[in-house]
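Everything on this sheet refers to the single structure shown next.
Taken together, the values in this text are just the output of simple stated rules run on the coordinates, not laboratory data. The structure presented is a predicted model; accordingly, all values stated were derived computationally and were not measured. Cβ coordinates were reconstructed from backbone atoms using ideal geometry, including for glycine residues, and neighbour counts include every protein chain displayed.
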Amino acid sequence: MGQFQKRLIDWYDKNARVLPWRSSASPYQVLVSEFMLQQTQVDTVLPYYERFLEAFPNLEGLAAADEQEVLKLWEGLGYYRRALNLHRSARKVVECFDGKLPSNRDDLLKLPGVGPYTAAAIASIAFGEAVAAVDGNIRRVYARLFAVEGALGEKDTETKLQSLAADSLLRERPGDYNQALMDLGATVCLPRKPMCDSCPLFEVCLAFQKGLVAALPRRKPKPKVPHLTIVAAVLQDGEKVLIAQRAKGDLLGGMWEFPGGKLEKSDASMEAGLKREIMEELGVLIDVGEPFGVYKHAYTHYKITLHAFLARLKAGESLDKPHGEPETEVLAWVLPGDLINYPMGKVDRLIAEKVIAHNSINAQ
C-alpha cells in the first residue's frame with residue numbers, strides 16, 4: 001500500500017460519512033443511491049432515498065411499479081431522466097439478468113443510464129470489483145494531489161485523471177477507497193476554500209506544495225447560459241384545468257405540465273405567443289385571460305422565465321376535434337385537488353399549487 005493510499009484509507013476508517021447505502025446496504029440500494037447522486041448533493045438525496053426505498057424496497061418491486069409512480073416519488077429531485085432510466089434498468093435486470101444486479105462493470109454498463117462512473121462505483125462498492133470510479137469530487141482530488149494543470153473536460157486531462165485513478169486504486173478495498181476519495185472531495189478538498197489543514201494528504205499533495213490549490217483543477221470557460229421566455233396556459237373548463245404529459249424523449253419526459261411553449265420574436269405579445277403555442281400543441285383556439293404568475297427556473301443549460309395566464313377554449317372549440325395535427329397526445333382535465341397526484345417539474349408544481357389555492361379561495 002502506497003503512502004497516500006494508507007493515509008487516505010486510515011482517514012476514511014475514522015471519518016467516513018454515515019450514509020444509508022453504505023456498510024450493510026444491498027447492491028440494489030447502492031444502485032438507487034448512485035442514480036440519485038448523479039449531479040445531486042448527498043443532503044438533498046437523503047430524504048428522497050428513504051421514501052424511494054420505502055415504496056420500492058427491492059429491485060423486483062421497482063421493476064413492477066408504474067412509471068408515473070416512480071416519477072411522482074422522484075418529483076423535486078430533478079434530472080427526471082434518471083428516474084426513468086433507473087426504472088428501465090430494474091426491468092432490464094429482471095428480464096435479462098434473472099433479477100440479479102450484474103456484479104461487474106462491463107455488464108452494468110449495459111443498463112439504461114449507467115455510464116462509466118456509475119458502473120465503476122456500483123461494481124466496486126457493492127461487489128468489490130477492483131475498478132476506479134472517477135466523479136467530480138475524485139477528479140478534483142486527483143487534479144490537486146498530482147498537480148494536473150490541464151482543464152477539466154479536455155481529452156488529455158480526462159485521460160490523465162483516469163490513468164491516475166486506475167494506477168492509485170487500493171485493490172484490496174476498492175469500494176472503500178473510491179468512497180474515501182468521494183468523501184475527501186465532498187468534505188475537505190472543496191471546490192472553494194478547501195480545508196488543507198484538515199486534509200490527510202496535504203503533505204504529499206503537489207498542488208499544496210506548489211501553492212496551486214486555489215487554481216486547480218482548471219476549468220474551461222463556461223458558455224453564456226441562454227435565457228428563454230416561456231408562456232403557459234391554465235386552461236379552465238368548469239372546475240377542471242387541463243394538463244399535458246411531456247413526450248418521453250423530451251426534457252422532463254413523462255412529467256405533466258400546463259400547456260404552452262417558448263415565446264418567439266415574431267409574436268406580437270405574450271398573449272399572441274400563447275395562442276400560437278396552444279394551436280401548435282393542442283390544435284385549438286383559446287381566449288387568454290388574466291396573468292397567473294411569473295416563474296423563474298434554471299436548468300442545466302439554460303434559464304427560463306415563465307408567464308402563466310388563465311385561459312379558456314373559444315366557443316365551439318374542442319380538444320376532440322383539433323385543427324391540424326396537434327403535437328401533444330396525452331391530455332387530462334383535472335380537478336385542482338387532484339393535481340397533487342400527477343408528477344410535475346418545479347415550475348409546473350408551483351403553478352399547480354397556485355391553482356389549488358386559487359380554487360380554495362373561490363370556493364369560500
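Once you've got the Cα coordinates, tell me which of K72/K92; K6/K155; K155/K220; K220/K296 are over 24 Å apart.
K6/K155; K220/K296
I need the P(r) histogram for the stretch 88-144: all alpha carbon pairs, bin width 5 Å from 0 out to the longest distance, whole percents.
Result, from short to long distances: 4, 22, 25, 21, 14, 7, 4, 2, 1 percent.
Hey, what did the stretch 227-363 get for relative contact order, percent, Cα under 8 Å, at least 6 apart?
RCO, the stretch 227-363: 32 percent.
For the chain, find the longest principal axis of its Cα atoms and tell me its angle to the long axis of helix 81-96, 0 to 90°, nearest 10.
70
What FRET efficiency comes out for the pair L206/A151, r = Cβ-Cβ distance, R0 = 22 Å, nearest 0.05?
For R0 = 22 Å, the calculated efficiency reads 0.80.
Once both labels are modelled 7 Å past Cα along the beta-carbon direction, what's the D237-A65 spacing in nm?
3.1
Of V294, V241, V284, V141, how do they rank once you tally other Cβ atoms within 10 Å and put the fewest first?
V294, V284, V241, V141
Under 8 Å for C-alpha pairs, at least 6 residues apart: give me the relative contact order for the chain, rounded to a whole percent.
Relative contact order, the chain: 15 percent.
Which ordering of D13, D43, D183, D107 is given by a fewest-first count of other beta-carbon atoms within 10 Å?
In increasing order of surrounding Cβ atoms, one gets D43, D13, D107, D183.
Give me the number: length gained by fully extending S269 to K224, i.e. 0.36 nm times residue separation minus the C-alpha to C-alpha distance, one decimal in nm.
Gain on extension, S269 to K224, equals 13.6 nm.
What is the Rg over Rh value, at two decimals, for the stretch 3-219, using alpha-carbon atoms and the Kirkwood definition of Rh?
We get a ratio of 0.99 for the stretch 3-219.
Rank these for me by crowding, H307, H358, going from fewest to most other beta carbons within 10 Å.
H358, H307
Using only Cα atoms, locate the centre of the stretch 279-314 and the centre of the stretch 69-146, then give the distance between them in Å, rounded to an integer.
Rounded to whole Å, the Cα centres lie 36 Å apart.
Could you give me the radius of gyration and the Dmax of the stretch 227-363, taking only the C-alpha atoms into account and expressing both in angstrom?
Values for the stretch 227-363 (Cα only, Rg and Dmax): 14.0, 41 Å.
Quick one: helix 174-187 against the long Cα principal axis of the chain, what's the angle to the nearest 10°, folded into 0 to 90?
The angle comes out near 70 degrees.
List the equivalent ellipsoid semi-axes of the stretch 127-253 in whole Å, largest first, each obtained as the square root of 5λ for an eigenvalue λ of the Cα gyration tensor.
Calculated on Cα positions only, the semi-axes equal 42, 20, 15 Å.
Once you've got the GNM for the chain with C-alpha springs shorter than 10 Å, pick whichever of A166, A83, A298 has the biggest mean-square fluctuation.
A298
Only Cα pairs under 8 Å and at least 6 apart count here; give the relative contact order of the stretch 156-291 as a rounded whole percent.
Values: 100 pairs, mean separation 16.8, N = 136.
It comes to 12 percent, rounded to a whole number.
Among P194, Q236, G293, pick out the residue whose Cα is farthest towards the positive end of the charge dipole of the stretch 175-304, where Lys and Arg carry +1 and Asp and Glu carry -1 on C-beta, about the Cα centre.
Farthest towards the positive end: P194.
Rounded to the nearest 20 Debye, what is the dipole magnitude of the stretch 233-322 about its Cα centre when Lys and Arg each give +1 and Asp and Glu each give -1 at the C-beta?
Once rounded to the nearest 20, the dipole reads 280 debye.
Provide Rg and Dmax in Å for the stretch 73-169, with only Cα atoms included in the calculation.
That works out to 15.6, 46 Å for Rg and Dmax.
With the calculation restricted to Cα positions, what are the radius of gyration and Dmax of the chain in angstrom?
Calculated on Cα positions, Rg and Dmax stand at 24.6, 79 Å.
For C196 and K14, calculate 0.36 nm times their separation in residues minus their Cα-Cα distance, and state this gained length in nm to one decimal.
The span from C196 to K14 would gain 63.8 nm if fully extended.
Go through G115, L212, G2 and say which Cα lies farthest out towards the positive end of the charge dipole of the chain; charges sit on Cβ, +1 for Lys and Arg, -1 for Asp and Glu.
Going by the charge dipole, the pick is L212.
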